[in-house]
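So the structure is just underneath, and the comments pick up after that.
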Amino acid sequence: MLFFKKKQKEMKVNFVPKETGVQILFELIEGKNVQPLEVPLTKEQIEDCYRLEGFMKYVAWEELYELGIVENSFLPYESYYDVLKEEDGVDILSNLGLPINPDQLSGELSLKSLADEADLSIRLHNNEGKNIDRIGKQYGALYEIENGLHLLPENIYKLKKAMREEYENGYQKIGISQQLAKEAGIQLENFLETENYHVVGKYDIDIKVHNHDHIELIPSGVNEQETLHLNSPSTVTSFKEGIKRNRYVKTQAVQEDMEKLSQKRHITGEEVPLFFENPSAVLPEHDYQFDLETFSDRVRGLVSIERVAPYNTGGSGFQWFDSETGQYVPYDEEFLSGLMEQYPDQQYVEHEGKWIYLDPTLRKNLLDIPADEEAKLSNKYVLDIKDNEQELDYSIDTKNELALEEFQVPESLKADLFPHQLEGFQWLCHLEKKGIGGLLADDMGLGKTIQVISFLLHQQSRNMLKPTLVVLPIALIENWMEEIKKFAPSLSNSIYIHRGSGRIKSSQVIDGYDLVFTSYDTLKIDQLLLGKVKFKSIICDEAQNVKSHSSQRSRALRAMQSDFRLAMTGTPVENSLDELWSIMDFVQPGELSSLRQFRERFAESGDYDGLLKAIQPFYMRRTKSEVLDKRLPKKYLTAPFYVEASRTQKSISNSMLETKETGQIAILNMLMRLRQLYGHPGVVIPKYEELEIKEIPKFNKLLEIVEEVKAKDEKVLIFTEFRKLHSIFKRIFMQKYRISVPVIDGDTKNRQAVVQAFNQSPGFGIILLSPKAAGVGLTITSANHVIHYTRWWNPAVENQATDRAYRIGQQKDVYVYQIITTDNDNFPQGTVEELMHQLLEDKRELAENVIVPFNTKEIQEMVLNKLIN
């Protein structure tokens, strides 16, 4: 009798490369039986498959899925390369089985037609000199040789992609392909080597001042030849340099602009001051000029900015450059200091035909300039506002006291408001009627969004909605859409989301929508477009995003025009009282005087009671303990669990101490690595990713808590800011508990879908989150256990994270846990975790008062001093 060994069941992943991305397919194989799998897997499928060979490849796929970069299991090549640049991306793609190291390739770009036809081809060779098209087959960024996939370098893929795209003419295609080939190290055949094409798709305008009543507008390129080309009527201009020739070709849009400008190149007489006051009065036909009369009366004018920033050259000190153009500028500290002393109250100073932007931080300390998002601002022009910083030069008068009246909750609202939410709705309606702005600072989880949606319905019923602007972080747009769809479907009829490359470029079209949603950064970029729209209301969610009064986010927001202004944030002050002033200067300009006077009156004196009294007409804050104490279940902050570091962890931390790093940045970096080490040594040293659990006491204690949660068939939120911990934990938990374990961090694009699936999944569940990325805009009341696995430097941020579970809708008591690692051998005075816990608890009561600044840097310095002294 013959006995046949039963074929083992396994999970297999197949990759189908295509021109724009790779299809990722899973199947179950048992002998000759092959069953395709639809992903993501259901809970039941995970329970059936978690022990199978190949299951960890599915876990890696799920990590990509949670990032929102695979749709229908298709991974675009652009996302593929982006993932490889991320901290854990190499591990994810490697675990999945995709190639992670691009091959070293050489090649040649050739032209097989006349230049205007631009029939280009590329031949690529591997490091053995073999033509990869002959030994394999190319599919976009991947090529296959003997059933094995190989990855092209990203710059070669960009070149191949550019060669497939459509252009206005062949010259543009050649020019773009030539540039990409050079960047990729690809050789050019003889003709392309001698004929160099440049595509001119943008330009600057220099204003040459001949005298006080004569200026000249001169289109300017990146170099002398491009400038000459812009100022010639030809579409294509050639410049010969020996045997080589440079050819410049304008795009159609640039060509049209040049024709318009040529008709009004010289501006003379009374038109000169008119041009500086109102450019479109002189050039009304030109799309790139702006009529200042259409902007808010807070806008002074258009400012051409040179943003000065320092570059450390080493021993010779600092060299200064324009952070917009990257060009070095012939300035030094003495010159800039002189400008500041000469113009003590000005942020913009004219010098040699340019405006130099003197950032307030730069003014305070020439060499202490933060890497602000403003450096990314692509517009040459921004709206210059009366900023109220030194003197109060812009304010809005408040109306006389109006008697309170009762406003009817709109019948179109598909929800019952809690008493505090009804009070908030009435307050918003009253503010709007009175003609003043508001700061809604309710505690997290009390339903600020539903109060504002009710107000928007009220405005709709009065025909006072169109147009209303809602400014918010990108991650919250989806949440607002879900809330409107659920509670106020009548608002869905006229919503426009202003973001992305295809966003509307006409202020008149935008003016026709009831509701316009945009992000803070898009508002900053499109401030001249949105600044023309006379909004009925402007509502800012998570308004702490404009807490820096000197940032372009804040200045752009304050330049907008509207009848009613509302800021929403549970944390109006995090580090400085200036943040509250910045928000209030949007809400009700002038009410807190100038920034200089505000600092003297409140910040320097610490008069918080007086400050609360000053903002009381515009400010509403309720806490859960005040309004929901009897409606919400209890929240239990359990005593911290203390665990002693393992021998492995002590050995690694001892090595860190022996390196004797100096300098605050180096020591802060060491603090971060110590926190990661206690969380899991595999974060610091990859070879320890598979370390036995007994060598990771903190994680071992985490498992004990999770086991207790599982025994109750409940759910748990685990917070840590370290993405590598997310990745390690996800793999361990999915294999151990046979469940999907979603991750929400700063890169998660489909947050609401992830949360919805988690909330709807019955029984035990685990979700891993970053406290900052997931600390706002999420309702995860299906979980009632919260573990702060690594502490955040500000307890207010931790409270926001906990409030993802402890909020309206929670039906069970909520339990909050902390696990702290000790190391008596290396840190008898306390580890970084012990010191953080002690200091944060001492400051917790202070953090509860949202208008009192919480100094995070002070906490870090205190931990440093105690740790190293």
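Output the Kirkwood hydrodynamic radius of segment 114-160, Cα pairs only, in Å rounded to one decimal.
Values: mean 1/r = 0.0846 Å⁻¹.
Evaluated on segment 114-160, it is 11.8 Å.
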Note, segment 526-539: 3J(HN,Hα) by Karplus (6.51, -1.76, 1.60, θ = phi - 60°), whole Hz, Gly/Pro = x, goes 9, 5, 6, 6, 6, x, 7, 7, 8, 6, 5, 9, 10, 10
If you count, for each residue, the other Cβ atoms within 10 Å and average over each peptide, how do 90-98, 30-38, 388-396, 670-678 line up from highest to lowest? 670-678, 90-98, 388-396, 30-38
Sorted by average packing, counted as other Cβ atoms within 10 angstrom per residue and highest first, what order do 528-535, 56-63, 710-717 take? 56-63, 528-535, 710-717
Given R₀ = 45 Å, what would the calculated FRET efficiency be for residue 505 paired with residue 605, taking r from the Cβ atoms and rounding to 0.05? 0.40
Between residue 668 and residue 433, with labels modelled 7 Å along Cα→Cβ, what's the label distance in nm to one decimal, could you check? 5.0 nm
How large is ³J(HN,Hα) for each residue in segment 174-183, as worked out from phi by the Karplus curve 6.51 cos²θ - 1.76 cosθ + 1.60 (θ = phi - 60°), to whole Hz, x for Gly and Pro? 5, x, 5, 5, 4, 4, 5, 5, 4, 5
Candidates per trypsin sites (Lys or Arg not before Pro) in segment 575-610, loop by DSSP, up to 13 other Cβ within 10 Å: none
Compare the peptides 849-855, 623-629 by average per-residue count of other Cβ atoms within 10 angstrom and give them in order, highest first. 849-855, 623-629
Give the Rg (one decimal place) followed by the Dmax (whole number) of segment 625-763, computed from C-alpha coordinates and expressed in Å. 18.1, 54
Please report the spacing between the Cα centers of segment 215-270 and segment 455-512 in Å, no decimals. 41 Å
Given a cut-off of 21 Å, what percent of all Cα-Cα pairs of segment 64-189 lie beyond it? 46 percent
Amide H of residue 750: which non-local residues (sequence gap of 5 or more, or other chain) have their own amide H closer than 5 Å, using H built in the peptide plane? 68
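At a 1.4 Å probe, what is the % contribution of carbon and sulfur to the accessible area of segment 1-154? Write out the running numbers ahead of the final one.
Working: 4030 of 8690 Å².
Taking all protein chains in place, segment 1-154 shows 46 percent carbon and sulfur surface.
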If you bin every alpha carbon distance in segment 465-590 into 5 Å steps from zero, what whole percent lands in each bin? 2, 11, 22, 24, 20, 13, 6, 2, 0
What whole-number volume per residue, in cubic angstrom, does the convex hull of the C-alpha atoms of segment 736-869 give? 147 Å³
On the accessible surface of segment 461-545, probed at 1.4 Å with all protein chains in place, carbon and sulfur together account for a percent value of 48 percent
Which cross-chain or sequence-distant (5 or more) residues have an amide H under 5 Å from the amide H of residue 540, H modelled 1.01 Å from N in plane? 471, 566, 567, 568
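Over all alpha-carbon pairs in segment 688-770, figure out the percentage whose distance exceeds 21 Å. Walk me through the numbers on the way to the answer.
On the way: 901 of 3403 pairs.
Tail fraction, whole percent: 26.
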Treating the beta-carbon of each Lys and Arg as +1 and of each Asp and Glu as -1, no other charges, what is the dipole magnitude of segment 780-842 about its Cα centre, to the nearest 20 debye? 460 debye
Under the Karplus relation 6.51 cos²θ - 1.76 cosθ + 1.60, θ = phi - 60°, what is the ordered set of whole-Hz ³J(HN,Hα) values for segment 549-562, x standing for Gly and Pro? 5, 8, 6, 5, 4, 5, 5, 5, 4, 5, 7, 5, 10, 6
With all protein chains present, segment 691-804 has a carbon and sulfur share of its accessible area (1.4 Å probe) in percent of 48 percent
Is there a quick way to get the dipole size of segment 619-731? I mean about its Cα centre, with the Cβ of Lys and Arg at +1 and of Asp and Glu at -1; what is the value in debye to the nearest 20? 540 debye
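Take 432, 10 and sort them by solvent-accessible surface of the protein heavy atoms, 1.4 Å probe, largest at the top. All intermediate terms of the calculation are to be shown ahead of the outcome.
Working: 432 30, 10 65 Å².
Ranked from most to least accessible, the order is 10, 432.
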Debye intensity ratio in log₁₀ form over the Cα atoms of segment 587-678, taken at each q of 0.12, 0.17 Å⁻¹: -0.82, -0.82
Just name one of 52, 95, 84: the one whose Cα is farthest towards the positive end of the charge dipole of segment 6-127 (beta-carbon charges, Lys/Arg +1, Asp/Glu -1). 52
Would you please state the base-10 log of I(q)/I(0) at q = 0.15, 0.20, 0.24, 0.26 1/Å for segment 742-799, with intensities from the Debye formula using one equal scatterer on every alpha carbon? -0.44, -0.77, -1.09, -1.24
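The values are calculated or read from the model by the stated rules, or taken from the named source; none is laboratory data. In this text, all values refer to a predicted model and were calculated from it rather than measured experimentally. Note that we place each Cβ from the backbone using ideal geometry, even for glycine, and neighbour counts take in every protein chain shown. To get the accessible areas, we keep the full protein, side chains included, count just its heavy atoms, and leave off ligands, DNA and RNA. Shrake-Rupley method; radii C 1.70, N 1.55, O 1.52, S 1.80 Å.
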